[in-house]
Amino acid sequence: MSRGLYLHIPFCRQKCRYCDFASLAGAEELIAAYLSALDQEASRYAGLAFDTLYIGGGTPSLLSGAQLEKVCALVQRHFSPVASFAESTLEANPESLSREKLQLLKSAGLNRLSLGLQSFSDDTLRRIGRVHDVKTFLQAYDWARQSGFDNISVDLMAGLPGQSEAEFADGLHRLVQLAPEHISVYGLQVEEGTPFAKEGVQTDEDLLRRELEQTHFYLQEAGFVHYEISNFARPGRQSRHNTNYWLDGEYLGLGSAAASYQNGVRRSNVRSPRLYLQRINAGQDPTDFSEKLTGKAQAGERLMLGLRQLAGVRLSALQHRYFDKEIAPLLQRGLVEQNGDLLKLSLEGLFLANQVFMAFVGPFEDEK
């Protein structure tokens with residue numbers, strides 16, 4: 001089983017209108033202090049070995065070239081050189097990338113880039129609060145290729161307000177023509193507290209379903225493997241870091257809101273970057289939440305994570321004993337398929353996955 005290292009960079013130029021992530025806009029003055037705190041937290045785990053590295057956010061590419069070098073240097077100082085990771089990913093938004101930053105990142109050893117496009121329509125991008133336009137994305141993508149990145153993932157969103165089915169299909173086609181190695185397609189979820197929620201924006205579930213079905217069939221015809229609910233990859237280019245999550249592998253998260261899973265314990269740091277800074281600078285533990293699942297809850301979480309992969313999961317004797325009763329109605333509704341010990345989402349279950357997952361999350365009837 002591989003182990004992943006995650007670094008959270010919470011800063012953004014501006015918050016997207018749908019965004020519920022643990023990120024902070026317009027606080028660039030905190031970056032230097034935050035990187036120093038990140039270095040201090042990393043020192044507590046110095047010497048641990050990891051197979052994959054993921055630098056996410058927020059918008060890590062918002063950092064200056066010198067600040068990005070500091071991030072890579074702290075990884076090398078406390079763990080190992082960036083180039084030694086089997087897979088090392090940086091999340092980036094097009095407007096904050098430059099040819100110089102990309103060349104610096106490639107020279108530092110990063111071998112994978114995750115670009116946030118979301119839509120191939122400038123009107124839609126403005127509507128959802130993105131800073132970049134399509135031209136800026138295409139320029140950043142071209143620079144990344146010129147800088148030697150041969151493993152690029154691009155994010156698209158489905159079900160966006162004002163987005164027609166034809167517009168989405170055209171964007172999917174244009175993206176395939178660019179030939180990235182990996183594509184993630186996320187359906188819009190209007191989360192409480194976001195600008196969209198305050199404006200009363202609602203997801204058109206029928207449109208979203210049609211667009212996600214179209215994605216499922218079109219990208220497979222184009223040679224991509226649909227390997228996880230929202231993720232498609234050229235054969236062999238599946239995200240190793242994220243796959244480790246779905247296989248219930250261990251990982252260490254550093255930074256505000258970062259989650260970790262080590263020795264059976266799940267924990268997460270405080271969400272606020274400012275509170276994270278206060279805790280670290282006071283020599284305190286930044287952990288905000290911690291739990292160790294056991295018994296049926298642990299078996300259910302492993303099953304839920306494994307089912308995210310379209311290949312499915314092989315049920316253990318323990319999972320059979322705990323969940324055969326919960327699985328039976330899912331089979332009757334056609335949301336899952338079972339062949340011996342192999343359980344996986346059906347096509348219908350793929351689009352109603354959250355309903356499936358609820359069966360494996362406590363409290364359970366036999367525990368009440």
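Figures for the structure shown
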| quantity | calculated |
| --- | --- |
| Heavy atoms of VAL176 accessible to a 1.4 Å probe, total area in Å² rounded to 10 | 20 |
| Per-residue SASA entry for ASP39, accessible area with 1.4 Å probe, Å² rounded to 10 | 40 |
| Accessible carbon and sulfur surface of the chain relative to its total accessible area, %, 1.4 Å | 48 |
| Within the chain: Cβ-based charge dipole about Cα centre, in debye rounded to nearest 20 (Lys, Arg +1; Asp, Glu -1) | 880 |
| Charge tally in the Cβ shell below 11 Å around LEU254, where Lys, Arg are +1 and Asp, Glu are -1, LEU254 excluded | -1 |
| Anisotropy class of the chain from Cα gyration tensor, a/c 1.5 cut | oblate |
| Sorted peptide list for 119-128, 258-267, criterion being average Cβ within 10 angstrom, highest first | 119-128, 258-267 |
| Any cysteine of the chain lacking a neighbouring Cys Cβ under 4.7 Å - listed by number | CYS12, CYS72 |
| The chain, relative contact order [Cα under 8 Å, separation at least 6], % | 15 |
| Where GLU41, GLU291, GLU221 fall by accessible area, highest first, once all protein chains stay in place (1.4 Å) | GLU221, GLU291, GLU41 |
| Given charges at Cβ of Lys, Arg, Asp, Glu: the range 57-193 dipole, positive-most of SER61, HIS78, GLN146 | HIS78 |
| Spin-label pair ASP20/GLU100, simplified geometry with 7 Å Cα→Cβ offset, distance in nm | 3.9 |
| Per residue accessible area of the range 186-271, 1.4 Å probe, in Å² | 46 |
| SER107 accessible area, 1.4 Å probe, all protein chains in place, Å² to nearest 10 | 110 |
| Span from the the range 288-358 Cα centroid across to the the range 97-173 one, whole angstrom | 33 |
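The values are calculated or read from the model by the stated rules, or taken from the named source; none is laboratory data. Keep in mind it's a predicted model, so treat the numbers as computed, not measured. All Cβ positions, even for glycine, are placed from backbone atoms using ideal geometry, and neighbour counts span all protein chains on display. Calculation scope for accessible area: heavy atoms of the full protein, side chains included, ligands and nucleic acids excluded. Shrake-Rupley method; radii C 1.70, N 1.55, O 1.52, S 1.80 Å.
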